[in-house]
Amino acid sequence: MCNCFMFVSLRSIKKSKISLFVIFSFGLMFFSFADLGAAGWKSLGPLGGTPWSIAFSPSFEQDGNIFIGTNKGIYKSIDKGRSWRQSTKGIGRKLVPTIEISPNFQDDQTLFVGTARGELFVTQDAGENWKMVFKGPELRSNSSMTSSSLEAISISPNFANDSTVFVGVFGGYVYRSTDRGLSWEQFKKGLDSKYTLALGISPNFSSDGTLFAGTIDKGIFVSYDRGETWKFTGEGLPDKFIQRIVVSSNYSNDQTVFLAMPGEGLFISRNQGKSWVRTGDGLDNNYVRTIDLSNNYSNDQTLYVGASFGMIFKSVNAGETWTRVNEAKREAIYGRNIQDKQIRSLALSPNFTNDGIIFSGTSAGLFYSDDSGVKWVKVTEGLTISTIRTLSISPNFVNDGIVFAGTNNTGIFKSVNAGETWMQANFGLDNLKIWMIDISPDFVNDQTIFATGKTGLYKSVDAGDSWVPLSRDSFKGVIQAVDISENFKEDTTLFIATTDGAFKSINAGETWENISENYFQSRILEITSSPNFANDKTMYIGTLGDFVYKSVDAGDSWVKIYHETHSDLSVHSIDMSLNFSEDQTLIIGTNLGAFKSVDGGENWINMYEGLPVSHKMISSVKIASDGTMFVGLPNEGIFKSDDSGKSWGQINFGLFNDYVSVIDVSPNFANDQIIYAGTLGSGVFRSSEFKAAPEPTPIPVPQTLYFSEESWNTLGYVFGILALMVFILIVMYRKALIRLLSSNKEISGNATWNEILKNTSSKPDEDN
């Protein structure tokens with residue numbers, strides 16, 4: 001250290017004591033935290049969202065090229081994944097579920113990608129520019145038109161000579177091009193399903209013409225004539241849903257084909273697909289989504305599979321037995337690791353035998369390993385930067401822990417552990433702008449959910465695993481809100497509010513009836529039905545500038561509710577007491593604050609005591625099962641009332657983003673005290689510790705920044721180390737400087753520190 005100081009200008013040292021302190025402080029903080037994700041797996045994303053597909057350059061060891069397909073377009077790395085940039089010129093920021101790279105990539109720079117809108121794009125300059133060469137057919141579902149999705153691509157191993165590429169289209173069978181994508185021909189003879197999800201091509205395609213196609217509803221088919229004709233080859237398989245097909249690189253000798261079936265596991269055929277057996281010895285997860293083989297598979301017999309809950313398994317005997325490779329302990333710094341994530345894609349390096357590199361696309365982003373997948377470190381949770389527009393909690397939350405979050409541009413996320421971890425649930429959605437989610441009251445049995453987006457209304461009957469669009473023949477407006485009858489199990493009644501009015505369905509969304517015609521003069525913003533709808537048939541509608549309307553006959557007729565002083569309020573949110581049939585209590589959030597009624601809307605009370613006077617817009621209101629009331633305000637956070645709205649207190653303890661767009665509470669709030677908040681740009685927050693939080697501060701006051709006890713301890717520890725290190729540095733610095741100047745005869749040995757600096761500031765460093 002002394003030698004370092006010998007070469008520092010004394011004049012510059014004198015003038016930069018404060019700067020030196022600042023630089024040192026930042027340097028110490030850097031070295032303190034730089035090691036957090038150093039070992040094993042580290043996050044390389046989320047790269048704009050969930051990585052759906054991964055492709056290595058065949059010459060990866062030389063060029064370092066990797067391509068990632070996400071829900072926000074293509075990302076490319078040219079340095080083996082150390083850094084990334086978007087590669088979207090000509091293709092845009094679309095969901096890319098599949099990527100296939102040319103076997104001759106080093107020479108032709110060609111790869112193909114498929115989008116969720118049924119489009120196929122090609123690049124011939126390694127992703128710098130893209131051109132659309134194929135568009136799948138439009139699909140009719142319940143009298144409405146939706147885009148097909150391009151789920152699978154297979155390129156001939158002899159692509160340099162035969163220029164052949166196949167695409168599997170969800171809703172359009174299989175297409176083939178023999179001119180690098182310039183023209184296409186559809187093939188479906190013998191292919192009983194048009195919903196193709198997976199393709200697998202023989203490595204000897206130029207001689208045997210073999211191609212496999214996996215479907216969502218009819219199983220697996222094989223073609224021996226380059227796709228001209230097909231025959232079913234899935235006899236004995238327990239299900240018809242084929243997610244992924246991989247043909248052995250040694251197929252001419254071992255005749256092996258692997259296929260993944262979500263919910264059923266991994267199956268192997270050793271006779272070209274004629275018969276299949278389940279591989280299960282050591283593979284203790286049946287939700288396998290992706291498969292990849294070692295580059296040296298013919299010799300090392302190594303393959304990997306990715307499953308749900310972040311499980312990755314390895315086999316070194318061609319799938320006979322399996323071991324889990326990511327058994328690493330959970331890191332204390334980060335809590336949960338990749339083990340809690342849904343594995344969507346796996347890709348082994350073409351040089352895997354030597355470098356041990358694997359990339360994994362998960363619901364939490366892109367992860368990387370250079371030790372064959374042994375170690376994992378969680379860095380991102382996957383739902384940290386989203387703008388949340390809607391939240392919905394399972395009625396059986398106390399048992400299933402299910403929460404759904406609708407985002408502004410990344411679709412729907414689902415949690416099955418009360419929000420601890422999240423996974424995307426977008427299969428079947430053709431637009432990722434989600435505005436409203438509503439869960440069936442009988443969700444535990446029917447698994448039904450409805451969601452609205454920019455392009456319409458969607459329905460899921462499998463707890464969000466897949467979605468189908470519902471008919472829009474009866475309305476053209478943008479859907480603003482959804483409400484499901486509390487008696488949905490019996491009456492299958494559903495209500496929606498649109499920019500064209502309010503509509504009712506009595507068959508779970510199959511057909512619709514306009515129930516607002518001739519009643520409403522302004523746009524409808526909110527619609528909700530009574531918790532006792534089966535008996536009282538009561539509903540409320542909130543409007544833009546025309547306050548509230550009420551119906552007591554399930555929407556057949558409406559009566560406007562007037563406010564004695566405000567008849568032009570815009571109503572953004574409505575909620576009723578769970579005991580509404582008795583207490584007739586409801587609250588509304590408006591552009592001018594929150595209001596309460598205890599007589600079904602006949603009279604209203606302005607709930608302002610304790611709420612901000614500077615910003616009265618109420619984005620969300622909620623009444624918990626025990627009568628506790630909550631309101632969310634943009635730029636003000638969340639407020640709570642324990643006295644039926646007479647007074648309010650702020651509960652932003654730990655809520656670092658106070659732009660709250662939506663709130664929801666646990667159905668079991670009286671016992672678990674859980675509330676969720678969706679924010680603008682910072683994801684979802686959860687609290688279950690109201691009683692431990694500071695007493696609510698009277699409003700108005702400047703907003704206070706709070707730190708938990710743990711945070712204070714951590715900060716104290718860090719700054720204590722900083723202070724100690726700075727003190728040691730200064731002492732060493734003074735000693736080194738005095739030693740440096742001790743030979744200077746113009747300076748007295750008894751000179752003070754300031755005198756030393758004064759005398760040396762005008763002299764050159766003679767010793768240097």
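Observations
- In region 243-265, the residues that are farther than 18 Å from residue 211 by Cβ and in contact with a Gly (Cβ under 7 Å, 6 or more places away or on another chain): 265
- Options 688, 644, 711: the member that is at pLDDT 80 or above and over 22 Å from the mean Cα position of the chain (by Cα): 644
- Residue, nearest to residue 212 (Cα to Cα), within region 165-194, restricted to residues that are at pLDDT 90 or above and among the acidic types (Asp, Glu): 185
- Conditions (1) assigned to a strand (DSSP E or B); (2) more than 27 Å from residue 250 (Cβ to Cβ); number of the one not met by residue 198: (2)
- Single residue of 662, 621 found to be closer than 21 Å to residue 393 by Cβ, in a strand (DSSP E or B) and at pLDDT 90 or above: 621
Here is a yes/no grid of residues against (1) surrounded by fewer than 17 Cβ atoms within 10 Å (Cβ to Cβ); (2) part of a strand (DSSP E or B):
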residue: 450; (1), (2): no, yes
residue: 464; (1), (2): no, no
residue: 475; (1), (2): no, no
residue: 495; (1), (2): no, yes
residue: 518; (1), (2): yes, no
residue: 521; (1), (2): yes, no
residue: 554; (1), (2): no, no
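- When we screen 406, 411, 401, 428 for residues that are over 22 Å from residue 632 (Cα atoms), modelled with pLDDT of 80 or more and within 11 Å of the chain's Cα centre (by Cα), the only hit is 411.
- Output for region 220-238, where each listed residue is surrounded by fewer than 22 Cβ atoms within 10 Å (Cβ to Cβ) and either touching an Asp or Glu at 6+ places or on another chain (Cβ under 9 Å) or among the basic types (Lys, Arg) (or both): 224, 226, 231, 232, 237, 238
- When each of 177, 149, 156 is tested for being under 29 Å from the mean Cα position of the chain (by Cα) and either without any contact (Cβ under 8 Å) to a residue 12 or more places away in the chain or crowded, with 20+ Cβ neighbours inside 10 Å (or both), the lone residue that passes is 149.
- Filtered by the rule that a residue be out of contact with any Pro (no Cβ under 7 Å at 6 or more places or on another chain), surrounded by fewer than 23 Cβ atoms within 10 Å (Cβ to Cβ) and not charged (D, E, K, R), region 239-255 gives 246, 250, 252, 253, 255.
- Lone qualifier among 575, 642, 664, 599 - being within 28 Å of residue 403 (Cβ to Cβ) and surrounded by fewer than 18 Cβ atoms within 10 Å (Cβ to Cβ): 642
- Filtered residue count, region 220-267, keeping only those that are aromatic (Phe, Trp, Tyr) and in contact with a Phe, Trp or Tyr (Cβ under 6 Å, 6 or more places away or on another chain): 4
- Set 470, 457: member being in contact (Cβ under 8 Å) with a residue 24 or more places away in the chain, in contact with a Gly (Cβ under 6 Å, 6 or more places away or on another chain) and either not basic (Lys, Arg) or not assigned by TED's automatic domain parsing to the domain that holds residue 430 (or both): 470
- Where strands (runs of 3 or more DSSP E) fall entirely within region 287-348, those with at least 1 residues that are modelled with pLDDT of 85 or more and over 19 Å from the mean Cα position of the chain (by Cα) are at 288-293, 303-307, 312-315.
- Checking each residue in region 433-462 for being small (Gly, Ala, Ser) and modelled with pLDDT of 90 or more picks out 440, 451, 460.
The values are calculated or read from the model by the stated rules, or taken from the named source; none is laboratory data. Quick caveat: nothing in here was measured; it's all calculated off a predicted structure. Reconstructed Cβ throughout: ideal geometry from the backbone, glycine too, with neighbour counts over all protein chains shown.
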